[in-house]
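In what follows, a single structure is set out as structure tokens and then discussed.
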Amino acid sequence: MKNIAVLISGGGSNLQSLIDSVESGKIKARISVVISSRKGVYGLERAKRHNIPAYCIQKRDFLNDKDFDKALLEKLKEYEIDLVVLAGYLNILSPQIIAEYENRIINIHPSLIPSFCGKGYYGARVHQAVIDYGVKITGVTVHFVDEGADTGPIILQKAVDVKDYDNADSLAERVLNIEHEILPKAVALFVEDRLLVDGRVVRIIEN
Ligand code: GRF
């Protein structure tokens, strides 16, 4: 059975959807460890409640990024991780970790990449940019992580309508619900070895 590490920085609602999907059998793997980039976030509570080993590995506790990176990599190795899922994780992973886990790191982004993504586009900022631009459709993207910011091969996407009455909060709420739907789907496909990366294109092998 594959070992999954979920990396978080906040409330962990995406982590919760993954936990629920594992416990219901939709994802045939185990969440072996949760690693947060910040202390005291609710996502760590969620892990503890489900008896999942949880750690906080944050940059400020290390002399430099190299030591931070080493600690993160050691933790992933300790748990023999096969798949890293970034679920609201705000740190940029180092090229070394990305190389070590090539096409084995999945990220979820709350827009339809390549729109409203890249440096500085995270959390509410994404939805505010969508509202300000006046697009009529936004959505969610699940993708493999490469060395760029939100540039890796796309696994799944789903559209979300932007309503005239929306503000960033109301839009964020509707988008988050779709995140909770397609992140577990993408992780399940990976775990069942049904994702084939062909250059920039991810092909899904039908059942
Ligand atoms: C949310 O803004 C979500 O859109 C993005 O990460 C943030 C935190 O989500 N993926 P979570 O509740 O911590 O999973």
With just the Cα atoms defining each centre, how far is the stretch 44-86 from the stretch 99-153? Give it in Å.
22 Å
Carbon and sulfur atoms: what percent of the 1.4 Å accessible area of the chain do they account for?
51 percent
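If you scale each eigenvalue of the Cα gyration tensor by 5 and take the root, what three semi-axes come out for the stretch 1-74, rounded to whole angstrom and sorted largest first? Let's see the in-between values first.
Numbers: eigenvalues 115, 38, 13 Å².
Largest first, the stretch 1-74 gives 24, 14, 8 Å.
Nearest 20 debye, what's the magnitude of the dipole of the chain about its Cα centre given +1 on Lys and Arg Cβ and -1 on Asp and Glu Cβ? Display every interim value, and only then the final one.
Numbers: 26 positive and 28 negative charges, 66 e Å.
So the magnitude is around 320 debye.
Taking the solvent-accessible surface of protein heavy atoms with a 1.4 Å probe, what is the per residue accessible area of the stretch 107-207 in Å²? Present the calculation step by step, with values, prior to reporting the outcome.
Numbers: 5280 Å² over 101 residues.
Ligands and nucleic acids excluded, the result is 52 Å² per residue.
Given the chain, report the % of alpha carbon pairs whose separation exceeds 23 Å.
On the way: 9177 of 21321 pairs.
The proportion of pairs with Cα distances above 23 Å equals 43 percent.
Can you work out the accessible area per residue across the stretch 1-101, with the rest of the protein chains kept in place, probe 1.4 Å, in square angstrom? Let's see the in-between values first.
Values: 4890 Å² over 101 residues.
Using a 1.4 Å probe on heavy atoms only, each residue of the stretch 1-101 averages 48 Å².
The values are calculated or read from the model by the stated rules, or taken from the named source; none is laboratory data. Just so it is clear, the structure is predicted and the values come from calculations on it, not from any experiment. Virtual Cβ from ideal backbone geometry, glycine too; neighbours counted across all protein chains shown. With ligands, DNA and RNA removed, areas are computed over all heavy atoms of the protein, side chains included. Shrake-Rupley method; radii C 1.70, N 1.55, O 1.52, S 1.80 Å.
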